[in-house]
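*Asks:* Sharing a structure below in structure tokens format, with a few things to ask.
The values are calculated or read from the model by the stated rules, or taken from the named source; none is laboratory data. Keep in mind it's a predicted model, so treat the numbers as computed, not measured. Counting neighbours? That spans all protein chains shown, and the Cβs are built from the backbone with ideal geometry, glycine included. Ligands, DNA and RNA are excluded from the accessible area calculation, which covers all protein heavy atoms including side chains. Shrake-Rupley method; radii C 1.70, N 1.55, O 1.52, S 1.80 Å.
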Amino acid sequence: MQSQPVSIFERAFKKLVPGGLESVGRRGADIMNIAADLPDNDAIIVQEWIDNCLSENGGQVEARNRAAMLGRAYLKLSQTGKMRFLGLLSEQYGVNESGVEKAIKQWQSADSVQKTHAAQTLRKALEPSRTALLKQFNGVPSGVKFLVDMRDELLTFCKDYPALKPLETDLRNLLATWFDVGLLQLEEISWNSSAAMLEKLIAYEAVHAIQSWNDLKNRLDSDRRCFAFIHPNMPEEPLIFVEVALVNGLAGNVQKLLDEDAPTQDIDEADTAIFYSISNAQRGLTGISFGNFLIKQVVKKLRVEFPHLKQFATLSPIPGFCRWLDSTPPKELAQLPGGAQWLSFPPPRDPVRANLVDTTGGQQEAIMKLAAAYLTSTKPGSGRAIDPVAHFHLSNGAQLARLNWMADTSDKGLKQSAGLMVNYVYELPKIVHRSQHYTTAGTISQSPAIKKLLK
């Protein structure tokens, strides 16, 4: 992960400081020679450098040059050094409390004429000083990608060092502004796209791994479509991909859908667009939602290209099902549809084994019912579906339409979902209504087939 950002920032540094280290003098050499683990003496150098960036001595251009140097130095740090660097930003460059208190008093005592100015002063006082440095990084060529990768690292570090959370939150808020969907471009990915883009599609595919170039070519055939959201400041770095198959009716098996030897669908005869993979490509943008806008834009584009399409749906995994089945206490399972039936079978109760060897249908029926119960279960107090994929599609206005038996027989599909997959259907006239009912009341739209399983 580090090799690419280093080369990016090396190029940015050369653009901003053509003369190299010699042009920035001894102090520039100091920042570039800090030890990888950032010991205390070097941390002092970093702090002085940050102070100089924030003071903007020499103007904004010079401050941006210093930010490029600082970013270049950061990328050379070890994991320990990066945690110390980020800890310094989080702990030493937050909100100036005395400044906030002073601004509050000024706002409280301001008359109606002065109120607007006092409010602006208070708003500025509430902004952590580190925000200015993050914005300087954003002004460096490839700086946006640098900050996205920095947040990726912060998300990992915060698990063990919660003191970094304020910095992570500040960076997330900035990225949410910079990655507003109005700034994103929808790009179709085809076999004729750049080799770099195709390699990223292979690398970032998170739902159904791409096994080979032939597999990729099959996914980009004439009866398939692939789209990505691109940010203008990261033109070679897709943010999120969606892969689509044009078929007849709801697809119920992903291996058949991805079979390289299967005949190509006549797209003039296809009536359904199946979204079978949606993959976030940038972990550093976790929590900044693009998927719902991506789906809606892709539907709009497909309707123009294929006006005969009648149905838009997904073939989705159920990633938390087996984990939930193993962790739910028997007393709770027994109260759910299919639970008592499942518990009546002698242990060990293995849903994957039941899929493969059960010929009576009893265990299979129990698993299907329990999967329906899982997909319609919500977190107490939040009204959100406990399955993350279900929450994503339901919040976007989809209906929970059909469970598919042995739909994904890959090792991952069997381990996580007991081989099951689910179709979520997007009925265009009902999307807004269903989304509102789900987000406000936790109401999960269910087809008659799902309701039957829940009886």
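*Asks:* Which residue is farthest from His231 (Cα to Cα), if the candidates are limited to segment 182-211 and must be touching a helix residue (DSSP H, G or I) at 6+ places or on another chain (Cβ under 7 Å) and surrounded by fewer than 18 Cβ atoms within 10 Å (Cβ to Cβ)?
*Replies:* Among residues in segment 182-211 that are touching a helix residue (DSSP H, G or I) at 6+ places or on another chain (Cβ under 7 Å) and surrounded by fewer than 18 Cβ atoms within 10 Å (Cβ to Cβ), the one farthest from His231 (Cα to Cα) is Trp191.
*Asks:* Here's another thing I want to ask about it. Name the single residue, out of those in segment 345-372 being open to solvent by less than 10 Å² (accessible area, probe 1.4 Å) and at pLDDT 90 or above, that is farthest from the chain's Cα centre (by Cα).
*Replies:* Of everything passing the filter in segment 345-372, Ala366 is farthest from the chain's Cα centre (by Cα).
*Asks:* Just name the residue that is surrounded by the fewest Cβ atoms within 10 Å (Cβ to Cβ) out of those in segment 397-424 that are more than 18 Å from Ala206 (Cβ to Cβ) and in contact with a Lys or Arg (Cβ under 8 Å, 6 or more places away or on another chain).
*Replies:* Among residues in segment 397-424 that are more than 18 Å from Ala206 (Cβ to Cβ) and in contact with a Lys or Arg (Cβ under 8 Å, 6 or more places away or on another chain), the one surrounded by the fewest Cβ atoms within 10 Å (Cβ to Cβ) is Gln399.
*Asks:* To continue, here is another question. Restricting the search to segment 325-348, which residues are farther than 14 Å from Lys369 by Cβ and either touching a residue at least 60 places away in the same chain (Cβ under 8 Å) or not basic (Lys, Arg) (or both)?
*Replies:* Asp326, Ser327, Pro329, Pro330, Glu332, Pro346, Pro347, Pro348
*Asks:* Here's another thing I want to ask about it. Taking segment 241-294 as the region of interest, how many residues are open to solvent by 10 Å² or more (accessible area, probe 1.4 Å), farther than 23 Å from Ile318 by Cα and aliphatic (A, V, I, L, M)?
*Replies:* Within segment 241-294, residues that are open to solvent by 10 Å² or more (accessible area, probe 1.4 Å), farther than 23 Å from Ile318 by Cα and aliphatic (A, V, I, L, M) number 2.
*Asks:* Could you tell me whether any residue of segment 323-338 is of a type in the set (Gly, Ala, Ser), out of contact with any Pro (no Cβ under 8 Å at 6 or more places or on another chain), modelled with pLDDT of 95 or more and part of a loop (DSSP other than H, G, I, E, B)?
*Replies:* yes
*Asks:* Okay, moving on. Between Pro380, Pro307, Pro319, which is more than 25 Å from Ile278 (Cα to Cα) and either outside any helix (DSSP H, G or I) or basic (Lys, Arg) (or both)?
*Replies:* Pro380 is the lone residue from the list that is more than 25 Å from Ile278 (Cα to Cα) and either outside any helix (DSSP H, G or I) or basic (Lys, Arg) (or both).
*Asks:* Is there a residue being of a type outside the set (Phe, Trp, Tyr) and at pLDDT below 85 anywhere in segment 35-56?
*Replies:* yes
*Asks:* For segment 221-253, give me each residue that is under 16 Å from Ser279 (Cα atoms) and of a type in the set (A, V, I, L, M, F, W, C).
*Replies:* Cys226, Phe227, Ala228, Phe229, Ile230, Leu239, Ile240, Phe241, Val242, Val244, Ala245
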